[in-house]
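See structure below.
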Amino acid sequence: MHKLVEEIRGCRLCEKHLPLGPKPIVSFRSNSKILIIGQAPGLKVHETGIAWNDESGKNLRKWLGVNEEQFYDPDLFAIVPMGFCYPGRGKSGDLAPRPECAPEWHEQIISELTNVKLTLLIGQYAQNYYLKNWDWMSLTETVKHYEEYLPYFFPLPHPSPRNRIWMKKNPWFEKNVVPTLQKRIQKIIK
């Protein structure tokens with residue numbers, strides 16, 4: 001496991017495409033219980049080297065019903081984004097995760113995770129990659145029908161503050177989905 005982490009941290013696969021250079025940000029142990037697959041680190045995460053160390057992370061921890069200590073405990077949560085490095089900024093926010101990371105690393109990482117009880121698929125990139133049989137659904141429909149993907153996957157929207165409009169249009173998410181998610185998380189981490 002340690003060798004794999006070192007290989008990932010030394011990855012330069014997409015270096016020429018990264019405006020700030022490579023800085024892979026992942027966190028996992030073989031006994032992690034919950035796997036979080038998000039998009040890619042944002043600028044603040046790139047600068048600090050701490051996954052989900054931004055407003056999106058605060059929102060995600062709130063949705064999960066966990067504190068920072070629990071969230072950053074790799075025995076509880078493995079954090080493996082679709083793209084491991086900050087991809088840069090585009091016209092309407094951060095660019096999409098680099099496409100090289102998931103095919104290169106995910107299978108190797110997941111094969112080492114022997115205790116995962118639930119995988120959270122955060123945002124369209126993770127959902128499109130892992131829910132290929134259901135890719136006809138929009139993110140909203142995928143999240144609305146989260147029960148179809150259980151017990152292995154739990155699809156979620158991205159917790160970015162930029163998604164306020166989506167949250168306002170879909171009040172069922174915080175009313176119905178978040179409490180179910182919190183119950184599942186508490187059952188797993190206790």
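Of all residues in the range 115-126, those satisfying the criterion of being within 10 Å of the chain's Cα centre (by Cα) and either surrounded by fewer than 17 Cβ atoms within 10 Å (Cβ to Cβ) or of a type outside the set (V, I, T) (or both) are L120, L121, G123, Y125, A126.
If you take the residues of the range 77-108 that are over 14 Å from the mean Cα position of the chain (by Cα) and of a type in the set (A, V, I, L, M, F, W, C), which of them is nearest to I36 (Cα to Cα)? The selected residue is W105. Do the conditions hold for N67, that is, is it of a type in the set (S, T, N, Q) and surrounded by fewer than 19 Cβ atoms within 10 Å (Cβ to Cβ)? Answer is yes for this residue. Among the residues of the range 46-70, those that are in a helix (DSSP H, G or I), under 13 Å from the mean Cα position of the chain (by Cα) and either over 20 Å from Q127 (Cβ atoms) or of a type in the set (S, T, Y) (or both) comprise S56, R61.
Between E148, E104, E174, the distinction of being surrounded by 12 or more Cβ atoms within 10 Å (Cβ to Cβ), acidic (D, E) and within 30 Å of H2 (Cβ to Cβ) belongs to E104 only.
Here L18 passes the criteria (1) more than 26 Å from P179 (Cα to Cα); (2) under 16 Å from the mean Cα position of the chain (by Cα); (3) buried (at least 18 other Cβ atoms within 10 Å of the Cβ); (4) at pLDDT 95 or above except the one numbered (2).
Please tell me if N115 is over 21 Å from Q70 (Cα atoms), of a type outside the set (D, E) and either in a loop (DSSP other than H, G, I, E, B) or touching a helix residue (DSSP H, G or I) at 6+ places or on another chain (Cβ under 9 Å) (or both). So N115 does not fit the description; no. Note on the range 147-173: residues that are touching a helix residue (DSSP H, G or I) at 6+ places or on another chain (Cβ under 6 Å) and either without any contact (Cβ under 8 Å) to a residue 24 or more places away in the chain or assigned to a helix (DSSP H, G or I) (or both) total 1. Of all the criteria given as (1) surrounded by 12 or more Cβ atoms within 10 Å (Cβ to Cβ); (2) of a type in the set (K, R); (3) under 20 Å from M137 (Cα atoms), the one not satisfied by K169 is (1).
The values are calculated or read from the model by the stated rules, or taken from the named source; none is laboratory data. It should be emphasised that the depicted structure is a prediction, and the values quoted were computed from it without experimental measurement. Note that each Cβ is placed from the backbone with ideal geometry, even for glycine, and that neighbours are counted across all protein chains shown.
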